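Worksheet: the structure to be examined is printed underneath.
The values are calculated or read from the model by the stated rules, or taken from the named source; none is laboratory data. As the structure is a computational prediction, the values presented were derived from the model and not from experiment. In this analysis, Cβ positions are derived from the backbone assuming ideal geometry, glycine residues included, and neighbour counts consider all displayed protein chains. Keep in mind that these areas ignore ligands, DNA and RNA; they rest on the heavy atoms of the full protein, side chains included. Shrake-Rupley method; radii C 1.70, N 1.55, O 1.52, S 1.80 Å.
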Amino acid sequence: MKKLLLGNAAVARGAYEAGVNVVSSYPGTPSTEITEEIVKFEEIYAEWAPNEKVAAEVAIGASIGGARAMSCMKHVGLNVMADPVFTVSYTGVNGGLVLCVADDPGMHSSQNEQDSRHYAKASKIMMLEPSDSADCRDMTKMAFDLSEKFDTPVFIRLSTRVSHSQSLVELHDRENVELKPYEKNIQKYVMMPAMAIKRHVVVEDRIKSQIAFAEETELNRVENNGSRIGVISAGITYMYSKEALGDKVDYLKLGMVYPLPEKKIADFVKSHDKVFVVEELDPVIEEHVKALGVNVIGKDAFTLLGEYTPAMIKKAVLGEDAPESMALSETIPVRPPVMCAGCPHRGTFYVLKKLGLVVSGDIGCYTLGATLPLQSVDTTICMGASVSAAHGMAKARGAEFNKKLVSVIGDSTFMHSGITGLVDIVYNKGNNTVIILDNSITGMTGHQNNPTTGYTIRGEETKQVNLITLCKAVGIERVVVADPFDVKNFEKVVKTEVECEEPSVIIAQRPCALLKSVKYEGVCEISDKCRNCKMCMKLGCPAITIRDDKVVIDPTQCNGCGLCVNVCPFGAIEKKER
Amino acid sequence: MTKNIMIVGVGGQGTLLASRILGNTVINEGYDVKVSEVHGMSQRGGSVVTYVKYGDKVYSPIVDKGEADIILAFELLEAYRALPYLKKGGKIIVNNQKIDPMPVISGLAKYPENIAEKLPDATVVDALSLAKEAGNIKAVNVVLIGVMAKSTDIPYENWVETIKTTVPPKFLDVNLKAFELGYNA
């Protein structure tokens with residue numbers, strides 16, 4: 001049976017069919033739906049871990065315990081899990097272990113554009129790269145077999161366009177894979193110097209046998225159209241090339257991007273007059289090919305930046321222009337993402353902006369606090385950095401600066417890696433104010449449960465991490481809970497906490513406006529008491545705008561949260577029945 | 001020959017569901033299909049673009065400039081933004097709703113005037129009113145799918161069948177009504 005599946009859903013399907021038993025992940029666009037789809041299969045144990053390192057370790061443990069296991073993450077999540085990954089490369093596996101990493105060329109929803117293929121080479125772990133959903137299903141299923149055959153973890157490398165495109169997939173039944181026996185094996189699984197030295201030898205031998213495999217596997221296949229021009233590509237750029245160039249060129253499709261074949265590539269290049277390597281981001285394949293001593297055209301013809309398109313490839317390889325297209329006769333306004341109408345973070349940033357504070361920011365919807373008109377956030381680096389970087393800033397600039405400085409971090413991000421920064425503040429006598437934006441869910445990636453929500457990935461009730469108790473336990477004496485929509489009180493709380501002479505945590509508590517459980521009655525409306533002072537416009541609410549020089553609220557956009565009612569100095573905004 | 005459809009709108013307007021209804025309908029007609037979606041940050045009130053491509057064999061899931069046979073736009077400014085993607089002789093279906101982007105709200109830019117007149121050969125629909133009539137303003141997406149369905153040769157019942165399997169049962173009646181209103185608009 002064929003079905004239209006998202007690339008991510010097809011990865012989940014492949015894992016299901018391969019008999020995967022344990023999946024542990026942390027959400028991250030564009031990888032999130034893999035684990036969300038896994039949950040739909042009741043036979044599989046699945047969980048959201050607090051971060052990617054924990055997720056990988058859970059999967060590693062499951063593999064050593066004899067099960068087929070998987071962990072899925074976005075590219076920057078691989079940085080977080082890198083520590084165990086480099087060493088599980090040495091130990092190898094018991095049950096098949098697959099790590100899915102989704103890159104985001106073009107940065108649709110990310111803070112950088114790193115190329116995860118470097119990790120495969122650096123950690124000496126085999127990496128497969130699918131081009132569409134059918135590949136996703138096939139390669140994921142195959143990855144579990146390869147993992148066990150070569151005694152190695154296997155990466156599946158995805159990209160936004162593969163993860164988030166739907167195409168047809170042939171569905172098969174689930175394989176019944178027995179749990180492998182657990183055997184104590186200190187030489188293999190205890191990585192201290194004496195054992196690791198021996199395991200490194202195994203790793204290098206393994207790569208050699210994988211290169212031999214790369215030469216013969218159908219994962220790396222030549223498509224001959226009798227052309228003198230050749231194209232080497234992998235992943236989505238293979239599909240773009242096929243679309244752009246059709247049968248005008250020959251192809252070497254690399255389904256396995258680490259380790260790469262040598263003879264197959266050299267033979268392909270030598271049998272053509274001109275060969276292009278078409279790969280988004282870094283010249284990973286190109287450099288490998290050039291190191292073989294054969295000449296190809298890569299980044300001389302293509303950019304290192306962002307996503308490619310078939311039109312770009314057509315131009316670079318065949319010199320053909322794109323079809324004529326209409327040009328706009330005027331410059332039109334951009335439409336960047338914004339915090340939703342009713343977003344609880346809006347109240348927080350309104351107050352922080354009003355107080356003129358330096359805001360050490362973090363990763364989540366609330367990164368949008370850096371955009372117009374609030375522009376409150378000063379820095380965003382990575383998950384958890386809001387807390388630790390603010391500590392560094394305060395140590396660098398001193399007590400007076402610290403009174404103008406706060407960190408903002410979401411509940412899920414705080415559990416991911418904010419708590420360790422808070423421990424650092426307490427331990428090293430810092431005096432920071434950390435605001436945990438507790439919206440009762442992991443927001444940006446589309447509402448995943450986390451340790452602070454009290455529910456598991458399957459929506460079952462579980463112990464809930466109590467943020468107040470947690471912060472107190474690490475030594476924060478001042479923990480205040482405040483509603484960011486009660487702007488007067490919230491402002492008072494923030495002022496008090498930044499002024500005081502000890503570290504403190506403010507828990508800004510209000511649920512995400514998109515949660516089904518959040519229902520605000522009515523709709524906000526501007527009455528004739530309005531003096532057009534535009535105070536409400538400072539909120540940057542997408543529902544409040546200007547029409548004919550007057551402030552109006554668009555009822556189709558307003559969700560009735562009432563934050564504007566709270567900031568209007570003239571009581572001119574009222575809640576009306578919808 | 002591949003047919004390229006581009007669905008554009010503002011994050012939160014339900015373009016994703018529209019592209020899924022479209023994708024699943026053309027599959028049942030026996031075509032090869034690719035649907036490219038947008039998730040994550042860009043979904044938060046920003047410009048969103050999804051592509052649906054179908055034909056005997058589809059390789060790339062994305063549509064380049066000058067290649068869209070149909071642009072189905074959920075908002076006027078987004079239709080205008082997508083114009084360079086329209087193929088010569090292609091068709092635009094646009095909801096006449098205006099949603100101000102933040103640069104306009106902040107007073108840094110002006111919402112372009114008379115957009116509908118600048119779109120060649122566009123079908124302009126008041127999808128919001130029709131969605132209201134169907135019983136839920138969120139059904140704008142299915143109203144617009146209805147308008148588009150009319151211009152294809154896929155039978156009415158086939159669309160209804162996909163809607164039945166794609167939308168949650170709770171909202172089925174509203175969506176079927178919305179589709180009907182769009183189809184007959």
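What accessible area, in Å² to the nearest ten, does a 1.4 Å probe give for A:M142?
60
Can you give me the relative contact order of chain A as a percent, contacts being Cα pairs under 8 Å and 6 or more apart?
This gives 11 percent for chain A.
Kindly tabulate the residues in segment A:547-578 with an accessible-area decrease of at least 20 Å² between the chain alone and the assembly of all protein chains, using a probe of 1.4 Å.
A:R547, A:T556, A:Q557
Filter the DSSP H helices in chain B by two things, a Kyte-Doolittle mean of at least -0.5 and an axial alpha-carbon span of 15 angstrom or more, and list the hits by number.
Answer set is B:15-28, B:140-150, B:172-183.
Amide H to amide H under 5 Å from B:A68: which residues, 5+ apart in sequence or cross-chain, H placed 1.01 Å off N in plane?
Result for B:A68 returns B:L86, B:K87.
Read phi for every residue in segment A:169-177 and hand back ³J(HN,Hα) as whole Hz from Karplus 6.51 cos²θ - 1.76 cosθ + 1.60, θ = phi - 60°, with x for Gly and Pro.
Calculated HN-Hα couplings, in order: 9, 7, 8, 10, 7, 6, 6, 8, 9 Hz.
Per the 1.4 Å probe, what fraction of the accessible area of the protein assembly as shown, in percent, lies on carbon and sulfur atoms?
The computed percentage sits at 52.
For segment A:345-509, report the % of Cα-Cα distances exceeding 26 Å.
Here the long-distance tail beyond 26 Å is 19 percent of all Cα pairs in segment A:345-509.
Under a point-charge model restricted to the Cβ atoms of Lys and Arg (+1) and Asp and Glu (-1), what is the dipole moment magnitude of the protein assembly as shown relative to its Cα centre, in debye to the nearest 20?
Value, rounded to 20: 1300 debye.
If you fit an axis through the alpha-carbon atoms of helix A:385-397 and take the longest principal axis of the Cα set of chain A, what angle between them do you get, 0 to 90°, nearest 10?
Taking the Cα atoms of chain A, the angle to A:385-397 is about 60 degrees.
Enumerate the amide H contacts of A:V481 below 5 Å, restricted to partners 5 or more residues apart or on another chain; note that Pro and chain-start residues carry no placed amide H.
When sequence neighbours closer than 5 places are left aside, the close amide H contacts are A:I507.
Enter the accessible area per residue of segment A:345-509 (Å², integer; probe 1.4 Å; all protein chains in place).
Ligands and nucleic acids excluded, the figure is 40 Å² per residue.
Quote the Stokes-Einstein diffusion coefficient, in whole µm² s⁻¹, for the protein assembly as shown, based on the Kirkwood radius over alpha carbon pairs, a temperature of 25 °C and a viscosity of 0.890 mPa s.
Once the numbers are plugged in, D ends up at 89 µm²/s.
Which of the pairs B:K88/B:K110; B:K132/B:K170; A:K74/A:K299; B:K138/B:K170; B:K110/B:K138; A:K3/B:K177 have their Cα atoms more than 19 Å apart in this structure?
B:K88/B:K110; A:K74/A:K299; B:K110/B:K138; A:K3/B:K177
Calculated from DSSP H runs of 4 or more alone, at -39500 (n - 2.57) each and per residue, what is the 222 nm mean residue ellipticity of chain A, nearest 500?
Rounded to the nearest 500, the figure is -10000 deg cm²/dmol.
Between helix A:52-64 and chain A, what is the angle of the helix's C-alpha long axis to the longest principal axis, kept within 0 to 90° and rounded to the nearest 10?
40
How would A:I44, A:I297 line up by accessible area, probe 1.4 Å, largest first?
Reading off the accessible areas and sorting them downward yields A:I297, A:I44.
Defining a contact as two alpha carbons under 8 Å apart and six or more residues distant in sequence, what relative contact order in percent does chain B show?
Dividing the mean separation by the residue count of chain B yields 21 percent.
Which entries of A:K516/A:K575; A:K404/A:K463; A:K395/A:K472; A:K354/A:K395; A:K270/A:K314; A:K538/B:K98 have Cα-Cα distances beyond 29 Å here?
In this structure, A:K404/A:K463 exceed 29 Å between Cα atoms.
Test of understanding: express the Cα radius of gyration of segment A:2-216 as a ratio to 2.2 N^0.38 Å, with N the residue count.
This ratio for segment A:2-216 stands at 0.94.
Round to the nearest 10 and give me the degree value, 0 to 90, for the angle of helix A:236-245's Cα axis relative to the longest principal axis of chain A.
The two axes meet at around 70 degrees.
Can you find, among B:N158, A:N431, A:N112, the residue sitting farthest towards the positive end of the charge dipole of the protein assembly as shown, where Lys and Arg contribute +1 and Asp and Glu -1 at Cβ?
Selected residue: A:N431.
What are the extents of the Cα atoms of segment A:244-367 along their three principal axes, listed from largest to smallest and rounded to whole Å?
Over segment A:244-367, Cα extents along the principal axes are 67, 42, 22 Å.
Using alpha-carbon positions, what is the distance between the centroids of segment A:239-278 and segment A:306-337, in Å?
25
On a C-alpha basis, how far is the centre of segment A:497-571 from the centre of segment A:366-399 in Å? Whole number, if you could?
The distance from the Cα centre of segment A:497-571 to that of segment A:366-399 comes to 23 Å.
Under a cut-off of 12 Å between alpha-carbon atoms, report the aspartates and glutamates in cross-link reach of B:K118, not counting same-chain residues fewer than 8 places apart.
Here the aspartates and glutamates satisfying the reach criterion relative to B:K118 are A:E330.
If you place +1 on the Cβ of every Lys and Arg, -1 on the Cβ of every Asp and Glu, and leave all else neutral, what size is the dipole of segment A:523-576 about its Cα centre, to the nearest 20 Debye?
Computed about the Cα centre, the dipole is about 140 debye.
For the pairing of chain B with chain A, what total accessible surface becomes buried, with a 1.4 angstrom probe, in square angstrom to the nearest 100?
The contact between A and B buries close to 4800 Å².
Of B:E113, B:E133, B:E161, which is the most mobile in a GNM of chain B whose springs link Cα atoms less than 10 angstrom apart?
Its mean-square fluctuation being the largest, the pick is B:E113.
May I ask for the percentage of alpha-carbon pairs in segment B:13-64 that lie more than 18 Å from each other?
33
Report the relative contact order of segment A:345-509, percent, no decimals, based on alpha-carbon pairs under 8 angstrom and at least 6 residues apart.
Normalised by residue count, the contact order of segment A:345-509 is 23 percent.
What's the local net charge at A:K124, with K and R +1, D and E -1, over the other residues with C-beta under 14 Å away?
+2
So with the 1.4 Å probe, I'd like the accessible area per residue for segment A:2-216, rounded to whole Å².
34
Taking every pair of alpha-carbon atoms in chain B, give the share separated by more than 21 Å as a whole percent.
Of the Cα pairs, 47 percent sit more than 21 Å apart.
Under the rule of at least 5 residues apart or a separate chain, name every residue whose amide H is placed under 5 Å from the amide H of A:T462.
A:Y455, A:T456
Report the local net charge at A:I297: Lys and Arg +1, Asp and Glu -1, summed over other residues whose C-beta lies under 11 Å from its C-beta.
Cβ neighbours under 11 Å give a net charge of +1.
So what's the net charge close to A:G430: Lys and Arg +1, Asp and Glu -1, counting the other residues with Cβ under 10 Å from its Cβ?
Net of charged neighbours comes to 0.
For segment A:42-51, take each phi angle, set θ = phi - 60°, evaluate the Karplus expression 6.51 cos²θ - 1.76 cosθ + 1.60, and give the result in whole Hz per residue in order, putting x for glycine and proline.
Rounded to whole hertz, the list is 5, 5, 9, 7, 10, 8, 8, 8, x, 7.
Just B:I92, B:I137, B:I163 to compare: in a GNM of chain B, with alpha carbon springs under 10 Å, which one fluctuates most?
B:I137
Once each part is reduced to its C-alpha centroid, what is the distance from segment A:19-87 to segment A:191-234 in angstrom?
24
Using Cα springs under 10 Å in a Gaussian network model of chain B, which residue among B:T166, B:T15, B:T25 shows the largest mean-square fluctuation?
Looking only at B:T166, B:T15, B:T25, the largest GNM fluctuation is found for B:T166.
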